[in-house]
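Presented below is the structure to which this report refers.
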Amino acid sequence: MTKDIQPIFIMPEGTQRTTGKTAQRNNIMAAKLVAETVRTTLGPMGMDKMLVDSLGDITVTNDGVTILEEMQVDHPAAKMIIEVAKTQEEEIGDGTTTAVVLAGELLKNAEDLLDKDIHPTIISKGYKLAEEKAIEILNSIAKNVTENDAETLKKVAVTALIGKGAEAAKEILANAAVEAVKKVIEPNGSSFDFNKDNIKIEKKVGASVEETKLIDGIALEKEVVHSSMPKKIESAKIVLLDCAIEIKSTEIDAKIEIRDPAQMQAFLQQEENMLKDMVDKIIASGANIVFCQKGIDDLAQHFLAKQNIMAFRRVKKSDIEALARAINAKIITRISDITEKDLGEAGRVEERKIGDENMTFVTGCKNPKAVTILVRGGTEHVVDEAKRALTDAVGDVAVALKSGKVVAGAGAPEIEVARNLRKFADTLSGREQFAVIAFANAMEIIPRTLAENAGLDPIDMLTELKAAHEKNQVWAGINVFEKKVADAWLNGVVEPLSIKTQAISSASEVSRMILRIDDIIAGGKREDSPMPPQGMPGMY
Ligand code: ADP
Ligand code: MG
């Protein structure tokens, strides 16, 4: 009977479809591969990766998200894992490798449960329970930190820097990070607001990393627009413009017919007067410095220079905004609107040669809400990696202050979470229990990887760690340098609580999402050459 039924195609030709267990296994495999790639970089003894892009540019880094962003990944599940790293980077700014490694391990352990015929929805439910419990456990062991606790904040910064290229200057970089964050955060109820754009991290190749400095103001990659303007002004009164000091050319094509030379002269004179007017408005406001986001006409430059005004043109929008916060000035959109109270003040504005380029420093700002850290380093690769490390340090200090809670690291919190999750599993009945235990086991991938990357025996280390935690040594972690189990808190390995909670929840979320997929439908690629392997279409 069935032989009369015609096959029905509901999807276009070229569509690839994988269903059921095969789909699940494929996805898990892809996710595990991504995790495996970054795993060797975890922790202070993690290895670096050398990334070479299609243009041959080289990046040497052990920053999880940088590696994943540069990798050209095609598999959809692998892309989902990389999204986790990006979310972690955006929300917290650190802990990307942790999140990805954890997601890989959660999926690996889920695979074992699938083998035992436990349904994905049960695993997913158990993982969700475990995730919530894990976050509760972390909150209960976390310690408070405040703005005045310089010592703890510095530990947070140093922890972010260790193992990165810039480690040699960790004291200097950590102090710069803590001071910078303290300057720009703003209290908001019981928490703080922090906008990372308020800390500009500028890099300049040249001196050693130790020469990195916090500037209580803004450093710009700009030079004075006209050679006869001053290069340095004390007691600066600064106007910020986001309009040009130029005569606008008409948008519509207009033709001006000039018949005799006098008319021409009058026309030019009028332009000159208009420019002069603009400059006079600026002078009248009392400003001695102009930062302009747009252009400045040559003639206007000349007028400004004659008045000993220092001017900069085509300043980046983000720099103008940072300047506004640093010197407490208003950004002017129409020159005729400038008044004295729109101006900002700085102790000094100076153009200086840094490396082989000129930069301008706006310093001595009274209560700057935006600051700059000028990162130095011997080579391009060194400054790049120092900047990445410093960005992590700044982010971690800010996140620690925002949530007001920190934990010690070095594998200690993961062991503590695993231990308490197992106790929690005992209180559950039903098959979710297996999933909670699988989740607990997955947490141990972090200390295990830290041990492996430090060349230690992971089994010995985990046994020792677990024994210490059984004796209520909550912060027992791995001292990767002395190669033994030790109190991570006393060793100064301190991290914001939210690195850990965010990493756990995003890893859990993505693993649950991947587990629930049992059908992969991939549309045929249109860019594929329509030419069949045999030759031209229609030739067979
Ligand atoms: P991520 O991208 O996840 O931040 P990292 O390479 O920065 O990856 O490694 C973070 C892990 O290294 C955390 O588990 C942290 O506790 C641990 N860690 C950081 N500093 C130390 C240290 N000095 N000793 C041992 N472990 C450390
Ligand atoms: Mg890190």
If the cut-off is a Cα-Cα distance under 12 Å, which aspartates and glutamates reach Lys154, setting aside same-chain residues fewer than 8 apart in sequence?
Glu171, Glu179, Asp396, Glu495
Accessible area per residue for the chain in Å², computed with a 1.4 Å probe and the full protein assembly in place, what is it?
50 Å²
Rounded, prolate or oblate, given the Cα gyration tensor of the chain, with a/c below 1.5 counting as rounded?
oblate
For the chain, with all protein chains present and a 1.4 Å probe, just round the carbon and sulfur fraction of the accessible area to a whole percent.
50 percent
Counting only helical runs of four or more DSSP H residues, what would the 222 nm mean residue ellipticity of the chain come to if each run contributes -39,500 (n - 2.57) and the total is spread over all its residues?
-15000 deg cm²/dmol
Less than 20 Å apart at the alpha-carbon level, and either on another chain or at least 8 residues along: which lysines does that give for Lys369?
Lys182, Lys183, Lys196, Lys200, Lys213, Lys237, Lys316, Lys317, Lys330, Lys341, Lys402
Hey, what angle do you get for helix 170-184 against the long axis of the chain, alpha-carbon based, 0 to 90 degrees rounded to 10?
70 degrees
Hey, what angle do you get for helix 317-327 against the long axis of the chain, alpha-carbon based, 0 to 90 degrees rounded to 10?
80 degrees
Calculate how steeply helix 432-443 sits against the longest principal axis of the alpha-carbon atoms of the chain, using the helix alpha-carbon long axis, and give the answer as 0 to 90 degrees to the nearest 10.
50 degrees
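The values are calculated or read from the model by the stated rules, or taken from the named source; none is laboratory data. Please read these numbers as outputs of a predicted model, since none were measured by experiment. In case anyone asks, the SASA skips ligands and DNA or RNA and just uses the protein heavy atoms, side chains included. Shrake-Rupley method; radii C 1.70, N 1.55, O 1.52, S 1.80 Å.
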